[in-house]
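The values are calculated or read from the model by the stated rules, or taken from the named source; none is laboratory data. Quick caveat, the model's predicted, so the values are computed rather than measured. Here the Cβ is made from the backbone with ideal geometry for all residues, glycine too, and neighbour counts use every protein chain on show. The accessibility values were calculated without ligands, DNA or RNA, using every heavy atom of the protein model including side chains. Shrake-Rupley method; radii C 1.70, N 1.55, O 1.52, S 1.80 Å.
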Amino acid sequence: MGLLDNKTAIVTGSSRGIGAEVAKILAGEGAAVVVNYRQKAPRANKVVAGIEAAGGRAVAVGADLTTTEGVHALASAAMENFGSLDVLVLNASGGMESGMEEGYALKLNRDAQINMLNAAVPLMQEGSRVVFVTSHQAHFINTVPTMPEYEPVARSKRAGEDALRELLPSLTEKGISLVVVSGDMIEGTVTATLLDRSNPGAIEARRAEAGKLYSVEEFAEVVAAMATADVESGHTEYAGGADYFGKNAG
């Protein structure tokens, strides 16, 4: 028996990296998983194939979360394919990519998170869980400076977290809990790669300062665990970066 038998989870941005690993772990706990991608269908299909090969259930759904159609298509996919929606992992984020429209980081990291939650909530039963994935660089941005190249993204992700927390009372009324997972820079992620490209040596410097950075797999374990952890709604789970907590950060 898995912790998520007969449950359905949506993991946004799960065609690769942290999201893909979280999807695999949740499927291993018995959840039927909606694997979300924006453009890379082959990668998402590969994640689904891996889950199915291990005996799990999953479906790949293409959806741009910055559009109204995208968030509703993703929420609907859980009901249409598996008949319920019990866990929503808000993992998709961005803003370091080149060639995106002005304000894209805020549109994805704040607005899309709220829109996705609002589309999902009417489908979720009492006892459901929402997990928002962020970084220490964003979570602590108001008290601990980050690299200039990352600051706009960090502020947009903090704005997303703040906006989600404002919904805590209405979620509690419906019996839905929200947990935030904040991690230090993660080895091998797209964000880390793009940041290191714009600020060469940034990741190596952060690794030296922190002593250790989590791998994608290690961080995904923490995120997935929060889908079922017995914690209060509004709880923040921290992964790595112990030095942040000595900087009067809050």
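Summary table
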item	result
Of all residues making up segment 89-103, the number that are open to solvent by 20 Å² or more (accessible area, probe 1.4 Å) and farther than 21 Å from Ala78 by Cβ	9
Enumerated helices (runs of 4 or more DSSP H) restricted to segment 16-127, each holding at least 1 residues that are in contact (Cβ under 8 Å) with a residue 24 or more places away in the chain and more than 28 Å from Gly175 (Cβ to Cβ)	17-28, 41-53
Conditions (1) open to solvent by 50 Å² or more (accessible area, probe 1.4 Å); (2) under 23 Å from Leu167 (Cα atoms); (3) small (Gly, Ala, Ser): number failed by Ala54	(2)
Some residue of segment 45-62 being within 21 Å of Val223 (Cβ to Cβ) and basic (Lys, Arg)	yes
In segment 16-58, the residues that are of a type outside the set (Val, Ile, Thr) and closer than 15 Å to Val133 by Cβ	Arg16, Gly17, Gly19, Ala20, Glu21, Ala23, Leu26, Asn36
Condition met for Ser135 (surrounded by 20 or more Cβ atoms within 10 Å (Cβ to Cβ), over 20 Å from Ala120 (Cβ atoms) and either touching a Leu at 6+ places or on another chain (Cβ under 6 Å) or modelled with pLDDT of 95 or more (or both))	no
Flag for Glu80 being charged (D, E, K, R), open to solvent by 70 Å² or more (accessible area, probe 1.4 Å) and modelled with pLDDT of 95 or more	yes
Restricting segment 188-221 to residues that are in a helix (DSSP H, G or I), open to solvent by less than 30 Å² (accessible area, probe 1.4 Å) and touching a residue at least 40 places away in the same chain (Cβ under 8 Å), the residue that is farthest from Met147 (Cα to Cα)	Ala220
Those residues of segment 138-164 which are crowded, with 16+ Cβ neighbours inside 10 Å and out of contact with any helix residue (DSSP H, G or I) (no Cβ under 7 Å at 6 or more places or on another chain), in sequence order	Arg155
